[in-house]
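Encoded as structure tokens, the structure appears first; notes follow it.
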Amino acid sequence: MGCLKRFKTQHNLIVRSLRLCYSTGKEKLEKQPKLATDVLKYLENDTDYSKIIEKLPRSLLRKYKTPESMYLINTKTAREIAETIRNHVNEESPVVEVNPGLGYLSKELLQCTKNHIYLYETSSHFSPHLEALRNEKSKRLTYKVADFFGMWKLAFQDKMDGGNRLTELLGDLASNDKNRIIKIVGAMPGLNFVKHLIYNIVFNNDTDLLGRTDLFITMPAHHYRYLTDIDIQEGKFKTIPALFQSFFDCKVLINVPKVHYLPWTYPPSGKKALMMDEYSLCLVNITQKEKLPCPADYLPLLWYFLKPHICSKTTKVIPMLEQWIPGCGVWLITGQDPPDSNKLLCPTSEDAPLPHMTIFTEFGDLNLKQKITVFKRFISWPEFEQCPFRVTMESNLPKSISQIEDDDKRRLNTHIDDIEESDGETEENEK
């Protein structure tokens, strides 16, 4: 009887376990994302694309509002992009390709340039294809599974604990030559990449191991218009474009078909449809300026100064600055500076002159270059190092990376006319 009882108990446990496994497996199958019918139809009806469907992760066969990454799947567009980039690449510059996916553009770059190419892919799904390419071109190719665009986080963590994460990520790509120009190739479906660029300069410029970046990025045209909006120069206030235009020069090289990249996005609706090009993307050249607005260790202060809670359109300049340095308004009103101001930080003849300032002058009355002039005068005054501005900035900074990211994630949504952040939602008519 005892043996029979133990048998029944074990049998019941096995049955329960099998039921649980079946239930869990069923739930996982039900939760698996549905694929987009129009994407599958487009790929299946083209002999070149039909061969690669099985090579792609399911996530690329869905549609998104704003995807986190974007992958090139067309060989002709890969060749056109490579030929365009070739005219801007010298043999001394290392070339980095971010998220190469199946490696179509990588192969074209290897053919039309003589440079060593470094591949950084965030998804291990593409490892077999990229490993095979590396084995074929071992002397000219370095491949790593890593988030290249997120390197600023590693650099920040290294500063906090003296680690060497960034050095390990870059390997022999690392350099202490600040004037070295590095070519970076990739695609940018959203604005997170721009945030990484800005943060890498703001928080890592004094210990930068890359040098000056020269980027060739495929992006939606409305993002390019947003970042290069001329009204930002004239007084319109948005933090991301203001910092971008202060750090970089940007121009369009060619346009490429949007359907040649996966994943696809939902068609725009409402007012967004007027500003978005549903059919093409821009290959843009983003070049870091030789001279930044201020010394490296003051860049975090500039970042904090240009945040909306300080430099908003309706904020009055003098009352705001006098919260930090009481009585400093007289220097702005008279157009003079204290005789013991730091001459290394003061505005020069290259900086924009300020209009006649009063206590009613608002930041919205100044263009971007004039805002930077105000900032440079502010940090040059002798009382600045004793005022609480730097301490306040530091208390809002690098205590946690997530704090910075969450703050900018909320702000980014409002900066692009409420274009939705990346998600995995699918429409009801998707397969």
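FYI, it's all coordinate maths here, none of it is from the lab. On a predicted model such as this, the values are computed, not experimentally measured, just so you know. Reconstructed Cβ throughout: ideal geometry from the backbone, glycine too, with neighbour counts over all protein chains shown.
The table below lists the values:
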| item | result |
| --- | --- |
| Note, ³J(HN,Hα) from phi for segment 81-93, Karplus 6.51, -1.76, 1.60, rounded to Hz, x at Gly and Pro | 5, 4, 5, 5, 5, 3, 5, 10, 10, 9, 5, 7, 8 |
| Per-pair calculated FRET efficiency, R0 = 30 Å: Asn179 and Arg79 via Cβ, rounded to 0.05 | 0.40 |
| Positive-end residue, segment 296-398 charge dipole about Cα centroid, Cβ charges, pick of Pro319, Thr348, Trp331 | Pro319 |
| Distant-in-sequence amide H partners of Lys63 (H built 1.01 Å from N, under 5 Å) | Ala36 |
| Hz values of 3J(HN,Hα) by residue in segment 247-260 - Karplus curve (6.51, -1.76, 1.60), Gly and Pro given as x | 9, 9, 9, 8, 8, 7, 9, 8, 10, 10, x, 5, 5, 7 |
| Using a Förster distance of 22 Å, the FRET efficiency for Lys251-Ile52 (Cβ separation, nearest 0.05) | 0.10 |
| Fraction of antiparallel bridges per DSSP, segment 71-288 only, in percent to nearest 5 | 50 |
| Karplus-derived 3J(HN,Hα), 6.51/-1.76/1.60, for each residue of segment 193-202, Hz, glycine and proline x | 4, 4, 4, 4, 4, 5, 5, 4, 6, 5 |
| Three-way shape call for segment 71-288 based on the alpha-carbon gyration tensor, with the a/c threshold at 1.5 | oblate |
| Mean separation of Cα contacts under 8 Å, 6 or more apart, over the residue count of segment 296-398: relative contact order % | 35 |
| For Thr315, residues with placed amide H under 5 Å, excluding near neighbours | Phe363, Gly364 |
| Long-range amide H partners of Leu215 with built H, under 5 Å | Ile184, Ile286, Thr287, Gln288 |
